[in-house]
1. Please compute the Kirkwood hydrodynamic radius of region 47-193 from all pairs of different C-alpha atoms, in Å with one decimal.
2. Work out, step by step, the length gained on full extension between residue 76 and residue 224: first 0.36 nm times the residue separation, then minus their alpha carbon distance; give nm to one decimal.
3. Carbon-plus-sulfur fraction of the accessible area of the chain, 1.4 Å probe, in percent?
4. In debye to the nearest 20, how big a dipole does the chain give about its Cα centre with +1 on each Lys and Arg Cβ and -1 on each Asp and Glu Cβ?
5. Which trypsin sites (Lys or Arg not before Pro) from region 145-196 combine a DSSP loop assignment with at most 14 other Cβ atoms within 10 Å?
6. With a Cα-only, solvent-free Debye model of the chain, what are the log10 I(q)/I(0) values at q = 0.10, 0.11 Å⁻¹?
7. Under a point-charge model restricted to the Cβ atoms of Lys and Arg (+1) and Asp and Glu (-1), what is the dipole moment magnitude of region 64-168 relative to its Cα centre, in debye to the nearest 20?
8. When the Debye formula is applied to the Cα atoms of region 200-303, each taken as the same point scatterer, what base-10 log of I(q)/I(0) results at q = 0.15, 0.22 Å⁻¹?
Amino acid sequence: MFRSLEEVVAAARTLPRRQRLAVAAAQDLDVLAAVRDAVEWGIVSAVLVGDKEKIIPLAAQVDLDLEHCPVIPETDPILAAGRAVALVAEGEADLVMKGKVGTADILRAVLDKDKGLRTGRLLSHIAALDIEGYEGLFFMTDGAMNIAPDLGQKVQIVENAVDALHALGWKQPKVAALAAVELVNPNMPAAVEAALLAKMADRGQIRGALVDGPLALDNAVSAHSAEVKGIESPVAGAADILMVPDIEAGNVLYKAIVYFARAKVAGVIAGAKAPVVLTSRSDSHQVKLDSIALSALIAAGRK
């Protein structure tokens with residue numbers, strides 16, 4: 001288990017085989033800088049799909065050696081997304097990364113019935129949160145993709161996160177299904193569904209993890225808060241995965257952690273046949289590098 005994103009990157013650098021990364025619409029300066037470091041550090045080998053005339057000068061700006069990163073020319077970002085995803089589907093790459101292409105466009109390529117990476121499971125976002133003052137990484141899902149998931153979708157979101165943490169080395173991750181309260185309130189759907197998720201895990205309908213809920217954020221991450229409130233749970237105060245009730249709660253929590261707590265973050269889309277490195281346009285080169293490393297470890301751990 002990793003205590004920081006620095007440890008994630010360090011572990012990715014020791015993988016027995018470089019993971020093969022296909023970058024869709026690679027004509028993006030920060031993406032290429034992150035790819036440069038990931039290649040130089042032995043985490044991945046890379047294939048760049050995109051506008052070659054734009055990629056060449058940008059690669060020169062960040063000292064990315066294109067002799068070791070072949071470029072597949074494709075000026076249309078949507079077609080570039082399709083070609084990058086197809087490389088993974090055909091076994092020529094292990095993971096795919098979003099470059100200068102819309103999120104909806106690359107996800108459409110991932111979900112393509114013929115050349116995509118569909119598994120039949122819902123796609124969901126997993127964020128790794130490295131927060132100063134806390135020992136160990138937190139993972140949060142899903143604050144970026146599914147707007148208002150129902151109970152069945154929440155089960156798949158939990159399963160995606162649990163599978164990812166298994167690939168990263170967690171044997172039985174602890175999942176806190178968050179709500180505004182830690183007691184079941186029939187008037188609060190998030191609390192009711194959190195309790196149902198916990199019971200489903202108790203009955204073996206969700207495997208490979210300890211799931212409890214509803215838990216408020218304080219008693220999910222603070223053993224002192226859980227003790228004061230009289231909560232007896234193996235998850236309370238020790239959660240590995242924070243499952244938010246909807247995208248609004250997740251988006252606010254994620255951005256509050258990033259902008260107020262100055263946390264280091266990485267993100268990956270799970271639920272497909274291979275990890276999808278999908279970061280925001282405003283994310284730094286470091287976030288993109290950490291996301292590549294996290295995704296490479298997940299890809300390697302799934303084999």
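The values are calculated or read from the model by the stated rules, or taken from the named source; none is laboratory data. This structure is a prediction, so every number in the text was calculated from the model and none was measured. Cβ sites come from the backbone with ideal geometry, for glycine too, and all protein chains shown count toward neighbours. For the accessible areas, the whole protein counts, side chains as well, though only heavy atoms, and no ligand, DNA or RNA atoms are used. Shrake-Rupley method; radii C 1.70, N 1.55, O 1.52, S 1.80 Å.
1. Evaluated over region 47-193, this radius sits at 18.3 Å.
2. Extra length from residue 76 to residue 224 when fully extended: 47.9 nm.
3. C and S fraction of accessible area: 52 percent.
4. The calculated dipole for the chain is roughly 620 debye.
5. 171
6. Evaluating at q = 0.10, 0.11 Å⁻¹ gives log10 I(q)/I(0) of -0.53, -0.63.
7. Its charge dipole is roughly 460 debye.
8. Summing over Cα pairs of region 200-303 leads to -0.85, -1.27.
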